[in-house]
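As structure tokens, the structure follows; a few thoughts come after it.
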Amino acid sequence: MQLKRAAADTAPQGAWFDVGATNFELAYDPVARVPQALLGPGRAVLPNLALRWSTLRWQGLPGAPRIDLEAEVEPYALAPLLARLQPEFGWGGDLIVAGRVSVHSAPSMVAEVEIGRLRGDLSVTDETGVQALELTDLRLGLDARDGVWHFTQALAGRSLGALGSAATVRTDAQALWPPADAPLQGVMELQVANLAAWGAWAPPGWRLQGRIHVGASFGGRFGAPEYTGQIEGSDLALRNLVEGVDLRDGELDIVLEGQAARIRKLQARAGEGRVTVDGEALFGTEPQLQLRLVAERMRLLGRVDRHVVASGQAALALQREALKLDGRFVIDEGLIDISRGTAPRLGDDVTVLRGPERSAPPAPQLPVRSRLRSVDMAVRVDLGRALRLRGRGLDTRLEGDLVFTAPDGRLALDGTVHAVQGTYSAYNQQLTIERGAITFSGPLDNPRLDILAVRPNIDVRVGVSITGSTRQPRVSLYSDPDMSDNAKLTWLVLGRPPEETSGGDTALLQAAAMALLAGEGDGAAAQLQRLNPLDTLSVRQTDGAVRDTVLTVGKQLSQRWYIGYERVLSQTSGNWQLIYRIGQRLTLRLQAGVDNSIDVIWSWRWN
């Protein structure tokens, strides 16, 4: 019979498998109980790939099916296929690949497969532009006859370097594929003159440099190969200018010893210091990894606003389902400047599509579950005596001991950071930090705060107190003995009691009250403060047994619209007011905050 067409479609991409018209025969030998199938010359189309055969025969012989195949892989562009498999990688180029396939399993297994480059090159597009791989050779080969299987691979490029390997597996002449226990022999050679050409495979922002040479021989079994040889690297460098990471003058020496690999040397310069790593890895059914790191005045960060130099050591032990990490480090010196902003970056809801896949939706990201069942982590960090925090009015040394752990696989931090000999600029004054403690107890992003900054060299103790947590801080005026907010603010800003102030001091007090209201960040009050000039700015006291200080600010947006904010300084929040003047005597007021209301106000004035 004749097979006119067979296809499999996955809309909207279209057919991913399509076979044209070809003769098709099915037969069954009832005596030998052997089924067989025969396809006449034909052609099958896969995505970006076409296979044309002259012979395709299959016989279901007991224990060893018979296969006869003579086919060729038509020249095809490799970049679209790679872009389909890795749409986020930015594959491109005009590389054309072709090959041929010959398989005959009787009377013994004979196979010849060769796929290689005809012409063209591949390229990768990243955040720095388009980078050509400059390929000069790309070949994959298989030759099997009389039970001897030869596998060959070759890759070469003017910028990538050169990779060549050959492996031989010996098995039964009738076997359709070598079993896992078949003996294996082979060699591999890799030479990369400049690792910068492999930068497209590094995460965004990271840059590689240096030379790598790998010489190894294969042994053991086909399913569990053993490697003997050496991996050497020189002039290695790893940089990320945005994050301030700069490792250079690296040297690498790894010895491959069958089922094990031993790091004899892995070291690099980091600033004026060094970092060294040694250890060993075991392969096989129960893989293990043990690493030891020693840092000597290693520069972890080297940015203008973040500079950290540390010394210490750590030990890592990794098994199939367990990880153990112990370490102790000391900060030799450092500066963290929080007054500078971080580099701009895309939001989490922005997806960048490259190449021909721009119109296709991004592939769904499945959650990755760790196979580690046990995580034992205890890394202790001593902040030392030369770590300084600066910015947003703060200038202080930081001291303390912190411990990083991982209960239930989640990173946690315990310990207390103390501010030592610090100052805080606020209300046009240089306040002295008398008590500054940031206590971590589990989550890294929400420590407890206990900070007190007072104005020095005056007759009373006044200042600013910050308590609560970083997510919900509470900022308030402080005095000892206690006094009204107006008196605290007067002493803090002017250095004298309220009864000694004059009318010219009002502007200073109003500015201080606005600073307390705005705080840090870009909140609603800070945005209102940028509306310049303000139409309303006042500080007053309420009547009654307890007199509170009230700050009022406002802006006339148009002839009929007015927006204002009013807050009692002793409270944590105030009231927003949006006023619309309907007529000469009729006004609509919307209020939200401590008191929420909608009021219609009718005004009548008389003498």
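If you take every residue apart from L590 with its C-beta less than 15 Å away from the C-beta of L590, what net charge results, scoring Lys and Arg +1 and Asp and Glu -1? Summing Lys/Arg as +1 and Asp/Glu as -1 gives 0.
Computed with a 1.4 Å probe on the full set of protein chains, the accessible area for S374 sits at about 60 Å². Ligands, DNA and RNA aside, R328 has an accessible area near 150 Å² when probed at 1.4 Å.
For the pair R397 and S570, the difference between a 0.36 nm per residue extended length and the Cα-Cα distance amounts to 59.2 nm. Ordering E72, E296, E399 by accessible surface, largest first, gives E296, E72, E399; the 1.4 Å probe counts only protein heavy atoms, with every chain in place. Here the Karplus relation 6.51 cos²θ - 1.76 cosθ + 1.60, evaluated at θ = phi - 60°, turns the backbone of the range 432-439 into coupling constants of 9, 7, 7, 9, x, 9, 10, 10 Hz, with x for every Gly and Pro.
Computed on protein heavy atoms with a 1.4 Å probe, the accessible areas place W177, W576, W602, W58 in the order W602, W177, W58, W576, largest first. Ligands, DNA and RNA left out, the 1.4 Å accessible surface of the range 92-207 is 60% carbon and sulfur atoms.
Here the extension length gained between V242 and L81 equals 54.6 nm, from 0.36 nm per residue of separation less the Cα-Cα distance.
Per-residue packing, averaged as other Cβ atoms within 10 Å, sorts the ranges 485-491, 270-276 into the order 485-491, 270-276, beginning with the highest. Quick one: net charge of A193's neighbours, Cβ under 15 Å, K/R +1, D/E -1? Summing Lys/Arg as +1 and Asp/Glu as -1 gives -2. Per-residue SASA remark: D445, around 90 Å² accessible (1.4 Å probe; ligands, DNA and RNA not included).
Here the spin labels are modelled as points 7 Å beyond Cα on the Cα-Cβ line, and at S217 and A173 they lie 2.8 nm apart.
Here each label is just a point 7 Å from Cα along the line to Cβ, and for S597 and V130 those points are 6.8 nm apart.
Which trypsin sites (Lys or Arg not before Pro) in the range 415-479 pass both tests, a DSSP loop state and at most 14 other beta-carbon atoms within 10 Å? The partial results should precede the final answer.
On the way: sites: R435, R448, R461, R471, R474; in loops: R471.
Passing both the DSSP loop test and the Cβ count: R471.
Counting 0.36 nm for each residue step from E321 to E112 and taking away their Cα separation leaves a gain of 71.1 nm.
The values are calculated or read from the model by the stated rules, or taken from the named source; none is laboratory data. Predicted model only: the values in this text are computed from it and were never measured. Note that we place each Cβ from the backbone using ideal geometry, even for glycine, and neighbour counts take in every protein chain shown. Surface areas here come from the heavy atoms of the whole protein model, side chains and all, with no ligands, DNA or RNA. Shrake-Rupley method; radii C 1.70, N 1.55, O 1.52, S 1.80 Å.
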